[in-house]
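Below is one structure, written out as structure tokens, with a few remarks after it.
No lab work stands behind these numbers, since they all come straight from the coordinates. All figures in this text were calculated on a predicted structure; none of them were measured in a lab. Positions of Cβ are generated from backbone atoms using ideal geometry, with glycine treated the same way; all protein chains shown enter the neighbour counts.
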């Protein structure tokens, strides 16, 4: 008998019929002889509705940390109700199928978090509570996205919180597997809306998944992937409405056959490039710039310091470029402009409407030539590269946003040629038919 | 400095603007120098929506008490979320006005109940928790309608549960007053929709309020009135949207000037009369009938055992009549019919579409003639009386449902003549004008 944690997102439980379907999947898993813990998100758009109401009545943030914290506490108590509703309904639906089930909210499930409203981290889980119910033969349904702090206040875990709850529970319970049911059929080589030929991956390594999540693939939240990696709990990303499909298993790199150079291609179309140009080649400027960004709570993504070039007097001048999200661009530009006198730079330049296209794959370790293949593919498609950044298992290129889809399509043809074979033959068939 | 408990129903917090208004009333009460505890119901139709979802997924009740209890537990957890939402929102809205506030759910507020889903009774309240927050200068907002049992399961208190929560908190905290804010301006002499001249009462005794509640006045749930009576906490029934109106104070009879013979006239249009006729005048039949009703979970209201009459052989035969709600009439009739052979009765008769009209007033104690005035008023209006039942402070008459409104109007003219003076003069003015 194995222990399975199943997680269902909001679209999987959006109405009573869908809740019934999810109950059936949980019951089927129990029928296979497993102990079953189900983690569930709020139904459909519930959280959006609660956010809207809460924001309307929320006091403006002030310099009074106590007041901000008090409001954060109420806001968390508000948002946490969404998962309580779906947990109770799913428990009822499982009981309706004739199985014993119990619903536990974050407090009842013993999910202890730090005392930080809106984005608390899980500190510990009292597994005795859940094991006790499992050992009584119950399917245990647990609210995602929430916990309780040391003072009994309800906390929420921030974005991707239900995934985090599921994986943290799977880790604490030493589950054999954590199945993340969602509205896609697994992890794809790239976004199928951009490349219809994208292939579902059977396996992907945690670190590849992490890199893909960071560069724009939204299937799993990075925090939950990292938690699974540390506890070595296999994650399965699969479809709620095509449960017969095996999905994609996310596992340790060590357990994988590295038969691919590239595992996935991701794209983030929300990039703005800022550059501080013409400052003296003295140490410390980068530290000042990114220290100021951190103080302003602005996340910086790609960073490139350009080669020094001499000014008319022969003094060496540097350029420093980096990217931020479009939402934070105005703030970031203001921070840079305020630094101009301090660092003695000539100016600040901004280039908007950029996209970061990335290839990710543990298989690129020790395999040279992949970067060259990527740049060549972009050049063939006549797409300019505005910036390049690399990590051990990732290469990212900043390109004009308008070229981003073509870039992803071209890269997919190069790195997943097997997915495009039919297309080629289809094309040649068409060609044959029209007489080429 | 006094301690005030304020309770707001669902229609008082139906949207963000109304929540803001309620927050203002709570803040105003604090500005008057009081410590303030606010008890709040779920917003508008939230509970109805949750009930609908829950009923859809609820397993059918079975003979398995453990399974029924498990479903009841989840159903309670579901319904309790409605009050958690309004509590968090009201706390935020009070904070938005610049006041310190904290929201507590039933578990956080230390409201211990028995372990009985859907209609648990409050066993104890850990007042230290609330006093601690009050003494820190906070307005404390508490979810109505819910508590927690000894095992940490969320329970709900059944119909009128938020009133019960408010009054139980007021009693436990030894509050100086419990203000029940609602969508009416107080307790009226009768239903103003039936008698536009109905007058708002300044005061009413707990026991009068209890009798009125039992006979169809829906302002306060009997359980909350009884709790207030036992703890001697004055209740004030007042309007959320006309807070300048003093409302009606519900207090102990001892503290009242009994200047009225009748305090209120109530009407319940949901009565069906059942009669078991022609059974032998032997002891025990009534016990069998009402024992069987109790076993069938059917509430019996008015009961009349008719004078014995002889059958053709000279044997004394009895009739037993009683009323039940229209919803339970079919079940009750079936129970009676099953009893026919056992008790040797001749038959079962049913009369539907009846109404119970009641006059209530502690002032009728030791004042003879009130019953006669009531029957005379009904006779004047040519309304037949099908049954009569009396208590120390109440007289109820069963009349045809179609006559019920006229009965209430006629009784109001007799017992509250001052309310109809203008009407009379208005009528005479009209008469003058048209030349009579």
With Cα coordinates, the longest principal axis of chain B makes an angle with the long axis of helix B:404-415, in degrees rounded to 10, of 80
What number, in percent, do you get for the relative contact order of chain A if the mean sequence gap of Cα pairs under 8 Å and at least 6 apart is divided by its residue count? 13
Any idea how far the Cα center of region A:323-398 sits from the one of region A:126-167, in Å? 39
Inter-chain shielding metric for A:61-69, i.e. average beta-carbon neighbours from other chains within 10 angstrom, reads 1
Relative to chain B, whose Cα atoms define the longest principal axis, helix B:16-31 and its Cα axis are tilted in degrees, nearest 10, by 80
Can you give the three extents of the C-alpha atoms in region B:69-110 along their principal axes, from longest to shortest, in whole Å? 43, 18, 6
How are the C-alpha pair distances of region B:266-421 spread across 10 Å bins, as whole percents from the shortest bin up? 10, 35, 30, 19, 5, 1
So what is the calculated 222 nm ellipticity per residue for the protein assembly as shown, using -39500 (n - 2.57) for each DSSP H run with n of 4 or more, over all residues, to the nearest 500 deg cm²/dmol? -12000 deg cm²/dmol
Estimated FRET transfer efficiency (residue B:119, residue A:300; beta-carbon r; R0 35 Å; 0.05): 0.05
log₁₀ of I(q)/I(0) at q = 0.05, 0.08 Å⁻¹ - the protein assembly as shown, Debye sum with one point per alpha carbon: -0.43, -0.88
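When the convex hull of the C-alpha atoms of region B:12-87 is computed, what volume per residue in Å³ does it have?
Values: hull volume 6.8 nm³, N = 76.
So the per-residue hull volume is 89 Å³.
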Using only Cα atoms and rounding to the nearest 10 degrees, what angle (0 to 90) does helix B:222-231 make with the longest principal axis of chain B? 60
Indicate the gyration tensor shape class of chain A (rounded, prolate or oblate), computed on the Cα atoms with a ≥ b ≥ c the square roots of the eigenvalues: a/c under 1.5 is rounded; otherwise a/b larger than b/c is prolate and the rest oblate. oblate
Of the candidates B:412, B:420, B:21, which one comes out as most mobile in a Gaussian network treatment of chain B with C-alpha springs shorter than 10 Å? B:420
State, to one decimal in nm², a quarter of the convex hull surface area for the C-alpha atoms of region B:164-307, i.e. the direction-averaged projected area. 12.1
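Return the average number of partner chain Cβ atoms within 10 angstrom of each residue Cβ along peptide B:105-111.
Values: counts 7, 0, 6, 7, 0, 0, 0.
Average neighbour count from other chains, rounded to a whole number: 3.
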Averaged over its residues, how many other protein chain Cβ atoms are within 10 Å of peptide B:163-169's Cβ atoms? 0
Suppose we keep just the DSSP beta bridges with both residues in the protein assembly as shown; what percent of those would be antiparallel, to 5? 65
Could you please rank A:197, A:392, B:337, A:211, placing first whichever residue has the fewest other Cβ atoms within 10 Å of its Cβ? A:392, B:337, A:197, A:211
List the distances, in nm and shortest first, from the label point of residue A:300 to the matching label points in every other copy, placing each point 7 Å from Cα along the Cα-to-Cβ direction. 8.5
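Which peptide among B:225-237, A:133-145, A:84-96, A:34-46 comes first, and what is the full order, when sorted by highest mean count of other Cβ atoms within 10 Å? All intermediate terms of the calculation are to be shown ahead of the outcome.
On the way: B:225-237: 21.1, A:133-145: 22.6, A:84-96: 28.2, A:34-46: 24.4.
The most tightly packed comes first, giving A:84-96, A:34-46, A:133-145, B:225-237.
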Quick one: check the C-alpha center-to-center distance for region B:19-88 versus region A:211-263, whole angstrom. 39
